[in-house]
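Working notes, structure below.
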Amino acid sequence: EQAAGRPGERATPLVIGHRGASGYRPEHTLAGYELAARMGADFIEPDLVSTKDGVLVARHEPEIGGTTDVAAHPEFAGRRTTKDLDGVAVTGWFTEDFTLAELKTLRATERIPDVRQENTIHNGRHQVPTLQEVIDLKNRLSRELGREVGIYPETKHPTYFQRQGLALEPELVRVLNRNGLNRRNAKVFVQSFEVANLKALHRELRVPLVQLTSASGAPYDFVAAGDERTYADVVSAQGLKEVSTYADGVGPDKNQVVARDAAGNLAQPTRLVADAHAVGLKVHPYTFRAENTFLPKNLRSDAVAANYGDLFAELSAFW
Ligand code: G3P
Ligand code: CA
């Protein structure tokens, strides 16, 4: 396999098709995932939220006003509401208020049309996929491409969903088990920004887990429990040791692994990659976009999450 050999070893980084090929297609659509794999991505990355009937579907957020055409459906006008989403008041339509059958009547739209105007021609063409459909796609593409396409699911807002009786973890475990993917050597990583959620998954899953971290803030489950540690604590030398007790890697924001120079370019690696490798953790930073082609060649991360699968297939050649 191409990837990330032993921690710290110079190797071509895995390419994670972040939210699909989200630079080219509306994010979290089967078309986007397929394009990413055909461009050479090693993994496709569905973010997971729950429907009202407990089905895991691929959306970055439970609120779907900006990524689907729900606002154009008068039958759902009454479902527009304001909720507390991890301490933030969010107004819109939420996946947990829709059955899967209802959600399937919607079509995906480009999330940032001002930035990716060319993607808007794909608006209205694609449904919100279930995790099962993403796995079926991955299996079909693996056969067609003659190589195993990996899947890299992320549980989104697990505390939020658990409080509504829609815990994401048991359903994810069920789906992976049902598909024969709960194996150490399956080409699967599971990732989360929350810690308790990942620790719970560690008890049930044999696939490698990745602790996501952000350049600011704190895991929401820490906040909810009154634990004052932040993501900076999670990636401290001591924090990384703790992560290594339940996860195989960390997925930091790129600003945590590459410092900016005076001109604002991402120029110098920080010590996080070496610190993580020292305790046996892989490092899978996110998210690299077209403007990041000047990344330092000595970053030595084990993977990159990229919106442009083709760009990074090319970049990885001189990593
Ligand atoms: O691969 C890591 C990445 O998916 C985390 O960022 O916010 O795009 O889900 P986000
Ligand atoms: Ca994600």
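Rule-based calculations on the coordinates, nothing more; no lab input. It should be emphasised that the depicted structure is a prediction, and the values quoted were computed from it without experimental measurement.
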Among the listed pairs Lys138/Lys187; Lys156/Lys199; Lys138/Lys254, which have their C-alpha atoms separated by more than 20 angstrom in this model? Lys138/Lys254
So who's got an amide H within less than 5 Å of the one on Val149, skipping anything under 5 residues away but keeping other chains? H placed 1.01 Å off N, in plane. Ser142
What residues have an amide H closer than 5 Å to that of Asn307, excluding those fewer than 5 places away on the same chain, when H is modeled at 1.01 Å from N in the peptide plane? His18, Phe288
Can you list residues from other chains, or at least 5 along the same chain, whose modelled amide H is less than 5 Å from the amide H of Lys282? Gly249, Val250
Taking only Cα atoms of the chain, what ratio of Rg to Rh do you get with Rh as the Kirkwood inverse-distance radius? 0.95
Antiparallel %, DSSP beta bridges [both residues in the chain], to 5: 35 percent
Measure of size requested: the Rg and Dmax of region 33-128, with Cα atoms as the atom set and Å as the unit; please supply both. 14.1, 43
What number, rounded to the nearest 500 deg cm²/dmol, is the helix-based mean residue ellipticity at 222 nm of the chain, given -39500 (n - 2.57) per DSSP H run of at least four residues and division by all its residues? -7000 deg cm²/dmol
For region 205-260, what does the equivalent ellipsoid look like in terms of its semi-axes, each the square root of 5 times an eigenvalue of the Cα gyration tensor, given largest first in whole Å? 17, 16, 10
Based on the alpha-carbon set only, what is the convex hull volume of region 122-223 divided per residue, in Å³? 145 Å³
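On a full-extension model of 0.36 nm per residue, what is the gain between Arg260 and Asn123, subtracting their alpha-carbon distance, rounded to one decimal in nm? Write down the numbers at each step before the final one.
On the way: separation 137, 0.36 × 137 = 49.32 nm, distance 3.55 nm.
In short, 45.8 nm is gained.
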Which semi-axis lengths, in whole Å and largest first, follow from the square roots of five times the eigenvalues of the Cα gyration tensor of region 167-291? 27, 17, 14
Compute the acute angle (0 to 90°) between the alpha-carbon long axis of helix 131-145 and the principal axis of greatest extent of the alpha-carbon atoms of the chain; round to the nearest 10°. 60 degrees
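How big is the antiparallel share of DSSP beta bridges in region 1-120, given as a percent to the nearest 5? Show your work: numbers first, answer last.
On the way: 10 of 13 bridges.
So the antiparallel bridges in region 1-120 amount to around 75 percent.
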Val90 to Arg143: extension gain in nm, 0.36 nm per residue of separation minus the Cα-Cα distance? 15.0 nm
